[in-house]
Structure formats: structure tokens, C-alpha cells
Amino acid sequence: MLNEMYASIKGTGLLLEVIQPNSLTELHFGKYDPERKKFAFKTLIATILSARSKDETIIKVVEKLWKKYSTPEEIADAPLEKLEELVYSSGTYHQKAIRIKETSKIIHEQFQDQVPDTLEELIKLPGVGRKVANCVLNISFNKDAIAVDTHVHRISNRIGWVTTKNPEKTEKALELLFPKPHWKRINYTLVSFGKNICKPKNPLCSNCTINNQCLKLIKPPKKSKKKTKKLKN
Ligand code: SF4
């Protein structure tokens with residue numbers, strides 16, 4: 001099923017593919033270019049900034065940031081106000097600027113400018129949860145891990161692969177379901193598939209390549225509190 005999903009979303013310009021050209025194609029076909037490690041810091045910062053933001057926005061933000069500061073030491077020493085200005089359009093810019101500055105400081109001072117390559121060390125960094133850590137392990141270090149974000153969690157439950165309440169449980173359930181060699185391609189395949197086909201609202205089931213294999217366990221959208229208030233009025 002992953003192959004069919006990948007065929008329908010190939011070339012959709014995902015953030016990590018732009019940051020590390022050819023990385024997704026390489027991951028999909030099981031190749032690994034050791035040069036990818038060189039992009040680990042940029043991949044980490046881009047993934048921290050990508051929380052609740054669109055890929056297109058983050059691609060521009062990272063380009064702008066990298067023109068000014070591009071090493072752990074430079075970002076660690078940059079004035080917070082300047083970082084806030086550079087990452088402003090990524091949303092929650094104050095918090096994100098603090099996180100990338102602190103993370104850069106730790107990488108510079110404790111890891112000699114090298115991004116750590118274990119889940120345990122990565123999740124200790126500010127702004128780095130399991131999803132961000134697993135993305136970096138996949139993309140930059142070619143490690144077997146399943147990065148579960150909102151798209152991976154939603155689609156896995158809709159298709160019927162898993163029945164889980166949160167991303168962490170989905171990660172564990174998918175690890176049991178898929179053989180390790182497939183783990184690396186789950187995130188980027190489902191993220192792009194979720195943005196283009198199996199969208200949060202109004203999934204395009206009639207145009208979906210896995211329509212006849214999917215249980216379509218689609219939950220109705222939650223009513224927002226604002227709307228409920230309006231109805232009461
Ligand atoms: S058939 Fe519909 S619910 Fe199932 S994966 Fe495709 S778009 Fe999503």
C-alpha cells in the first residue's frame with residue numbers, strides 16, 4: 001500500500017526533500033548517501049520550526065535564516081530579537097526562536113557542533129519531541145524509526161492499520177505492523193498523502209489509489225467551541 005501511496009504523491013515538494021535534495025527518493029529505494037549527515041543540523045532546525053506550520057512557509061523561513069546564520073554557534077550567539085524576526089512567519093515565533101537558540105547552544109557546547117544521532121539524546125534538546133527526533137534519525141542518519149505526526153496518526157487509524165488514541169501509541173502499533181525496512185518511508189509518504197489526498201477534512205476518497213483497501217474509518221470533524229456558542233445564541 002505504501003508504494004501505491006508514494007506513486008500518487010511523488011514530487012510534492014516536502015520540506016525535508018527541499019532541505020536534503022533526493023533524500024526521500026533515496027529513502028524510498030533503500031539507498032543512503034552519507035553526505036546526508038552534513039545536513040543534519042539544518043534538518044533538525046527546519047523540523048523544529050515546522051510545528052503547526054506549512055512546508056512552503058518553513059522552506060522560505062529556513063532559507064532566510066541560513067543566509068544570516070547557518071551553524072550551531074552562529075544561531076546560539078545570535079540576538080534573540082533577530083532570530084524572532086527571521087522565523088516570524090513560522091508562527092509562535094518567540095517560542096521557536098528560543099528553542100532553536102537553546103538547541104544550537106547545546107549542540108555547539110556539548111556535541112562539538114554535531115547533531116546527536118540517538119533518540120535518547122535528541123529528545124533532550126529543547127523543542128525536540130519523538131516526531132522531530134525520528135525525522136532527523138530517518139532523513140539524516142538513515143536509521144529505522146517511524147516519525148508519527150498528526151497526518152500519520154490520522155491516516156493509520158482511518159485505513160484501519162491501527163486503533164490508537166495518540167501519536168505515541170500509533171508509533172508503537174506501526175512498529176509491530178510494518179517490517180523495519182519500511183519504517184523510514186512511512187512518515188514522508190503519509191504526510192504528503194495527508195496533505196494532498198487523505199486530508200483532515202473532506203478526504204478525496206473517490207480519487208484515492210487505495211480506496212478499495214481502506215476501511216475509511218473517518219471521524220466527523222469536531223465542532224469548535226466558537227460555533228457551539230454561536231448556535232446557542
Ligand atoms: S480511501 Fe479515503 S480515508 Fe482511505 S486513505 Fe484514501 S482518502 Fe483516506
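The values are calculated or read from the model by the stated rules, or taken from the named source; none is laboratory data. All figures in this text were calculated on a predicted structure; none of them were measured in a lab. Don't worry about glycine lacking a Cβ; one is built from the backbone with ideal geometry, like all the others, and counts go over all protein chains shown.
Structural remarks
- In region 191-202, the residues that are touching a residue at least 60 places away in the same chain (Cβ under 8 Å) reach residues that are among the small types (Gly, Ala, Ser) with C-beta atoms within less than 8 angstrom, at least six apart or across chains, in these pairs: PHE193/SER8; ASN196/SER8; ILE197/SER8.
- Hits in region 29-71 (condition: aromatic (Phe, Trp, Tyr) and within 22 Å of HIS108 (Cβ to Cβ)): PHE39, PHE41, TRP66, TYR69
- Scan region 160-169 for residues that are away from the ligand (no atom under 15 Å from the Cβ) and touching a residue at least 12 places away in the same chain (Cβ under 8 Å) and the total you get is 3.
- Search result, residues across region 198-209 that are near the ligand (Cβ under 6 Å from one of its atoms), in a loop (DSSP other than H, G, I, E, B) and surrounded by fewer than 17 Cβ atoms within 10 Å (Cβ to Cβ): LEU204
- Matching residues in region 139-159 - criterion: being in contact with a helix residue (DSSP H, G or I) (Cβ under 8 Å, 6 or more places away or on another chain), part of a helix (DSSP H, G or I) and either away from the ligand (no atom under 16 Å from the Cβ) or in contact (Cβ under 8 Å) with a residue 60 or more places away in the chain (or both): ILE139, ASN157, ILE159
- Considering (1) surrounded by fewer than 21 Cβ atoms within 10 Å (Cβ to Cβ); (2) in a helix (DSSP H, G or I), the lone condition that THR163 does not fulfil carries the number (2).
- Residue identified as of a type in the set (A, V, I, L, M) and touching a residue at least 40 places away in the same chain (Cβ under 8 Å) among ILE98, ILE59, ILE106, ILE75: ILE59
- Residue count, region 170-183 (criterion: β-branched (Val, Ile, Thr) and away from the ligand (no atom under 16 Å from the Cβ)): 0
- Only one of the listed residues (ILE75, ILE100, ILE59) is at pLDDT below 95, in a helix (DSSP H, G or I), surrounded by 13 or more Cβ atoms within 10 Å (Cβ to Cβ) and touching a helix residue (DSSP H, G or I) at 6+ places or on another chain (Cβ under 7 Å). That residue is ILE59.
- Residue in region 184-197 that is modelled with pLDDT under 90, surrounded by 10 or more Cβ atoms within 10 Å (Cβ to Cβ), small (Gly, Ala, Ser) and within 16 Å of the ligand (Cβ to nearest atom) present: yes
- Flag for VAL136 being in the same structural domain as ALA97 (by TED's automatic domain parsing), among the hydrophobic types (A, V, I, L, M, F, W, C) and part of a loop (DSSP other than H, G, I, E, B): no
- A count restricted to region 218-233 and to residues that are within 14 Å of the ligand (Cβ to nearest atom) and either at pLDDT 95 or above or in a helix (DSSP H, G or I) (or both) stands at 0.
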